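Have a look at the structure below, then the notes.
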Amino acid sequence: MITILHGEDEVASRRELDRIISGFEGQIIRFEKTFDLTDLYQATSGLFNDKVLVIIENYLGGKKKLDLDAGDANVIFWEPKEVSKTVIGINKSLEFKIPTLIWKLCDSLKPTNGKQILPLFENTLKTTDIEFIFAMLIRQFRLMLNPVGLAPWQASKIQSQSKVFGEENLKNIYQQLLTIDYENKTSLSPLSLKNNLEKFLLWI
């Protein structure tokens, strides 16, 4: 059986992948986007392939259809972006979309708007992991500094938002986010990531 986990909410899709792995009793084999097809077929063609879980990451991006036949084996494809319906075909698919509130939170970022944005931040936490919110905040400020890879309407919108901050202020804010990230990963901060982001939103 093939299952495709995909969508831009990588934290949620990773959590689902970890849940499946932790509940599987058998051998787990992992492949990345570049791998030897012979190894895959060997992993999925044994007499006891129901005891093998094959995980393939970052393989389907840019493809128009799924060109692998897993037979009766358990195979999970994990992708950090949405996969097209033609690729999914008849296979089981779980899509993890970014909640609308996160986009609203990012669009609401502006100087001295902390007290107004905190309730939105709290509401977003009800449906979204704090780690993913943090990643999206970093992404938003990175795009304000360098809006590459965006559609024209998106670039225009992000440039208007960046002008409200100013380039030097944006650099300082981005550096503060990197500091929070480092301290959170190294356990140097006595505060939780949630508390640090609350302070950050009030600070900007």
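The values are calculated or read from the model by the stated rules, or taken from the named source; none is laboratory data. Small disclaimer: the values here were computed from a predicted structure and weren't measured. Heads up, the Cβs are rebuilt from the backbone with ideal geometry, glycines too, and the neighbour counts pull from every protein chain shown.
In region 101-120, the condition of being under 17 Å from the mean Cα position of the chain (by Cα) and without any contact (Cβ under 8 Å) to a residue 12 or more places away in the chain is met by at least one residue.
When L5, L94, L60, L68 are checked against the criterion of being assigned to a loop (DSSP other than H, G, I, E, B) and under 30 Å from M136 (Cα atoms), a single residue qualifies: L60.
If the requirement is being out of contact with any Pro (no Cβ under 7 Å at 6 or more places or on another chain), under 26 Å from T127 (Cβ atoms) and loosely packed, with under 15 Cβ neighbours inside 10 Å, which of these qualifies: K81, K33, K51, K65? Exactly one of K81, K33, K51, K65 is out of contact with any Pro (no Cβ under 7 Å at 6 or more places or on another chain), under 26 Å from T127 (Cβ atoms) and loosely packed, with under 15 Cβ neighbours inside 10 Å, namely K81. Regarding S22, is this residue surrounded by 13 or more Cβ atoms within 10 Å (Cβ to Cβ), modelled with pLDDT of 90 or more, under 22 Å from the mean Cα position of the chain (by Cα) and under 29 Å from I133 (Cα atoms)? Spelling it out, it is not the case that S22 is surrounded by 13 or more Cβ atoms within 10 Å (Cβ to Cβ), modelled with pLDDT of 90 or more, under 22 Å from the mean Cα position of the chain (by Cα) and under 29 Å from I133 (Cα atoms).
Of everything in region 10-19 that is among the acidic types (D, E) and either modelled with pLDDT of 90 or more or over 24 Å from F134 (Cβ atoms) (or both), the residue that is surrounded by the most Cβ atoms within 10 Å (Cβ to Cβ) is E16. The residue that is farthest from E95 (Cα to Cα), counting only those in region 13-32 that are in contact with a strand residue (DSSP E or B) (Cβ under 7 Å, 6 or more places away or on another chain) and assigned to a loop (DSSP other than H, G, I, E, B), is G26.
Out of all the residues in region 76-85, is one or more farther than 19 Å from E32 by Cα and without any contact (Cβ under 8 Å) to a residue 40 or more places away in the chain?
Yes.
Here is a yes/no grid of residues against (1) modelled with pLDDT under 95; (2) in contact with a Pro (Cβ under 8 Å, 6 or more places away or on another chain); (3) under 22 Å from S13 (Cβ atoms); (4) not in a helix (DSSP H, G or I):
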| position | (1), (2), (3), (4) |
| --- | --- |
| F132 | yes, no, yes, no |
| A135 | yes, no, yes, no |
| F141 | no, no, no, no |
| G149 | yes, no, yes, yes |
| Q154 | yes, yes, no, no |
| L170 | no, no, no, no |
| L177 | no, no, no, no |
| S189 | yes, no, no, yes |
| K194 | no, no, yes, no |
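Quick one: would you say N58 is surrounded by fewer than 18 Cβ atoms within 10 Å (Cβ to Cβ) and at positive phi? So that I can check it myself, show each step before the final result.
Details: surrounded by fewer than 18 Cβ atoms within 10 Å (Cβ to Cβ): yes; at positive phi: yes.
So N58 passes the test.
It is to be established whether one or more residues within region 143-150 are out of contact with any Lys or Arg (no Cβ under 8 Å at 6 or more places or on another chain), in contact (Cβ under 8 Å) with a residue 60 or more places away in the chain, exposed (fewer than 15 other Cβ atoms within 10 Å of the Cβ) and over 20 Å from I180 (Cβ atoms).
Looking through region 143-150, none of the residues is out of contact with any Lys or Arg (no Cβ under 8 Å at 6 or more places or on another chain), in contact (Cβ under 8 Å) with a residue 60 or more places away in the chain, exposed (fewer than 15 other Cβ atoms within 10 Å of the Cβ) and over 20 Å from I180 (Cβ atoms).
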